[in-house]
Every structure is written in structure tokens, then in C-alpha cells.
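Working notes, beginning with the structure itself.
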Amino acid sequence: MLGTHIVALLTLSFAATALADSAEEIWKGKGKCFECHGSNGRGQTKVGKKEKIPDLTSPRWKSRHSDAQIKDTITNGSEDNPKMKPFKDKLTPEEIDSMVTFVRNLGT
């Protein structure tokens, strides 16, 4: 009986993971990140230039923003730019974590 429950939990766990969108899908799709940040994260889009979106690939930007800060901005939005809305109601915690890694690896 215990074995059946463990198998069921593992199956549900893997199913939930499989249903989560990849970070790249989020960036280009439901997150619409690319509209401001650009496909490469440099912020050189019409909106990015207007809003003075920072270059997320810059070593200087990366050194000044911890993973926790990036996660907080994705989760709760930006205090510096109100156009960067919170995604806590649109993305799962796992998707937000994957976006932190995605942003951290832009330009590498």
C-alpha cells in the first residue's frame, strides 16, 4: 500500500514538472519578456529603449543583482519600473526559479 502511494506521488510530481513551460517558452510566450527585454535580454527593443530597460547580459548588471533579487522582481514586479508587473499569479514557483536561471545565463 505504501509503495502504491509513493508511485502515485512520484507520478504526480513528474506530471506537474512536464506540464510546466520551459524558461525559453515563458520568455517568448506567456511571460512576454522578449517584448521589452528583447530575444537576447539586451533591452534593445522599442519599449526597452523607451523604458530604459537594462541589459540583462551585462556583467555589471549581473554582478549587482543576486538570484534572490531577480526572483523577487519576477515574482513581485519591479519597484523601479511599474511596467514590469508581478508574475506570481501567472507562473508557478518552479517556472519562476527556471526564469531566474534563464536570466542569469543570458549572454553566456
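Each reported figure results from applying straightforward, stated rules to the coordinates on display, with no laboratory input. Keep in mind it's a predicted model, so treat the numbers as computed, not measured. Note that we place each Cβ from the backbone using ideal geometry, even for glycine, and neighbour counts take in every protein chain shown.
Sort the following peptides by mean Cβ neighbour count (other Cβ atoms within 10 Å, averaged over residues), highest first: 37-49, 57-69.
Working: 37-49: 16.5, 57-69: 12.5.
Answer by packing, highest mean first, reads 37-49, 57-69.
Starting at the first residue of region 87-92, write each ³J(HN,Hα) from the Karplus equation 6.51 cos²θ - 1.76 cosθ + 1.60 with θ = phi - 60°, in whole Hz, x for Gly and Pro.
Values per residue, Gly and Pro as x: 10, 4, 9, 10, 10, 6 Hz.
Sorted by average packing, counted as other Cβ atoms within 10 angstrom per residue and highest first, what order do 77-84, 97-104 take?
Values: 77-84: 12.6, 97-104: 18.6.
Per-residue mean Cβ counts within 10 Å order the peptides as 97-104, 77-84.
Would you mind computing, in nm to one decimal, how far apart the modelled labels at ASP89 and TRP61 are, each placed 7 Å from Cα along Cα→Cβ?
Taking the simple label geometry, ASP89 and TRP61 are separated by 2.7 nm.
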